[in-house]
Amino acid sequence: MKNTFTKTNKKPIMLSGIQPTNNLTLGNYLGSIKPYVKLQNKYKMYVFVADLHALTNKFDKNNLVNNKRNIVCAYYAAGLDFNKCIIFNQSDVISHNDVSHVLLCHTTLGELERMTQFKDKGLSKNDNNTFYVRTGLLTYPVLMAADILLYDANAVIVGTDQKQHLELTRNIATRMNNKYGKMFVLPEPVIMAHSARVMDLLDPSIKMSKSNTNPKGVIYLSDPLNVVYKKIMQAKTDSFNKVNYDVKKQPGISNLIEIYVAISNISIETIVKKYANQNYAVFKKDLANLVCKELKTFQTKFKKAEAIFDKQIKPLLVKNAKICTQIVRKKTSLVYKKIGLQ
Ligand code: TYM
């Protein structure tokens with residue numbers, strides 16, 4: 001695990017969030033949710049549902065409501081301690097947008113147009129015709145910067161796809177600190193060594209994503225376990241039939257090995273040694289059982305979260321939003337003062 005923030009006596013602050021767009025995947029789970037759980041005692045944690053970010057894609061109002069709820073239930077099911085972590089809905093804390101506007105005015109169009117996600121999700125998907133690209137898709141990394149900087153986060157857990165946004169956040173923060181005097185903490189990305197980019201099972205050249213078109217390449221956290229098992233058994237590998245870690249030559253099996261590592265905490269070397277004389281089917285079977293075991297526990301707890309959502313979880317979200325609103329109001333006021341608005 002790569003984590004380079006400066007140690008202090010006080011617990012450092014960590015923040016992270018997930019967009020409520022489509023169903024959560026094993027990529028989200030291994031790249032972000034599971035690490036939150038792992039690190040929750042080391043940091044003061046803010047974990048949120050990035051619902052304003054979901055508007056940057058086409059969305060359905062009813063699905064949005066369900067997806068938001070599902071993310072909170074997933075946090076619970078994965079083992080986040082709701083009494084220790086501050087879990088909240090982004091849109092319940094109004095000022096995220098206020099500071100986002102200030103940051104936007106200190107960011108150039110060129111910086112935003114360079115973002116890989118904008119190029120992939122915006123330009124490429126629309127044949128480079130900006131007429132069809134939502135402006136929110138261009139500006140959302142700045143909203144993400146506001147999400148992070150408002151809470152003085154020292155560390156942010158992300159998969160590699162979000163690393164560029166973290167760099168942008170640091171650039172904007174540095175620029176503003178230099179110009180107006182220190183107001184923002186520079187956040188460090190925390191990127192898991194083996195699950196920062198879980199790949200699609202059928203096309204290991206692309207990221208496993210909530211929005212991939214072929215669901216057979218994506219493990220959804222809500223998939224029935226027999227479906228999960230089947231997807232892993234049918235994952236694309238290669239003709240070497242040798243369990244070996246080589247991302248370039250054997251991307252499919254390497255991706256499966258990374259999933260194995262992320263769930264079992266066993267090293268790549270040990271896994272490769274263990275399956276040295278076995279064919280892919282044996283390895284896949286073991287991996288499928290491992291993933292199913294993990295998801296079985298997750299799904300059981302998820303059902304429990306759904307059952308207690310209205311009575312126990314929802315009031316906590318409301319309470320946490322109030323706590324966050326105070327923190328954010330203070331920070332917004334500082335920013336406004338520093339730049340001469342107040
Ligand atoms: P989102 O919703 O696309 O993804 C949520 C988190 O899951 C990680 N992730 C993956 N990790 C490994 N392998 C994969 N295949 C995979 N797919 C997704 C993402 O890297 C991310 O950490 N803009 C963010 C949400 C956000 C945010 C923030 C995150 C808004 N504000 C502030 C951190 C801090 C997003 O769209 O993530």
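Quick one: which helices (runs of 4 or more DSSP H) lie wholly within the stretch 238-342 and hold at least 2 residues that are within 27 Å of TYR151 (Cβ to Cβ) and at pLDDT 95 or above? Correct list: 280-308, 314-339. Screening ALA173, ALA235 for residues that are in the same structural domain as ILE33 (by TED's automatic domain parsing) and either within 15 Å of the ligand (Cβ to nearest atom) or not in a helix (DSSP H, G or I) (or both) leaves exactly one candidate, ALA173.
Quick check on ALA54: is it hydrophobic (A, V, I, L, M, F, W, C) and within 21 Å of VAL228 (Cβ to Cβ)? Give the steps one after another, and end with the answer.
Details: hydrophobic (A, V, I, L, M, F, W, C): yes; within 21 Å of VAL228 (Cβ to Cβ): no.
Considered against the rule, which asks whether it is hydrophobic (A, V, I, L, M, F, W, C) and within 21 Å of VAL228 (Cβ to Cβ), ALA54 comes out as no.
Within the stretch 241-248, is even one residue in contact with a Phe, Trp or Tyr (Cβ under 8 Å, 6 or more places away or on another chain) and surrounded by 21 or more Cβ atoms within 10 Å (Cβ to Cβ)? Yes - at least one qualifying residue is present in the stretch 241-248. Taking first residues from the stretch 102-119 that are farther than 18 Å from THR56 by Cα and modelled with pLDDT of 95 or more and partners that are assigned to a helix (DSSP H, G or I) and of a type in the set (Phe, Trp, Tyr), the Cβ contacts under 8 Å between residues at least 6 apart in sequence or on separate chains come to VAL102/TYR336.
Criterion first (within 12 Å of the ligand (Cβ to nearest atom), closer than 20 Å to LYS11 by Cβ, outside any strand (DSSP E or B) and not polar (S, T, N, Q)) does ALA153 satisfy it?
Details: within 12 Å of the ligand (Cβ to nearest atom): yes; closer than 20 Å to LYS11 by Cβ: yes; outside any strand (DSSP E or B): yes; not polar (S, T, N, Q): yes.
For ALA153, the condition - within 12 Å of the ligand (Cβ to nearest atom), closer than 20 Å to LYS11 by Cβ, outside any strand (DSSP E or B) and not polar (S, T, N, Q) - is met.
HIS165 passes every criterion in (1) in contact with an Asp or Glu (Cβ under 7 Å, 6 or more places away or on another chain); (2) within 8 Å of the ligand (Cβ to nearest atom); (3) more than 18 Å from LEU30 (Cα to Cα) apart from (1).
The values are calculated or read from the model by the stated rules, or taken from the named source; none is laboratory data. Worth saying up front: this structure is predicted, and the values here are computed from it rather than measured. Glycine gets a Cβ as well: all are built from the backbone with ideal geometry, and neighbour counts include every protein chain shown.
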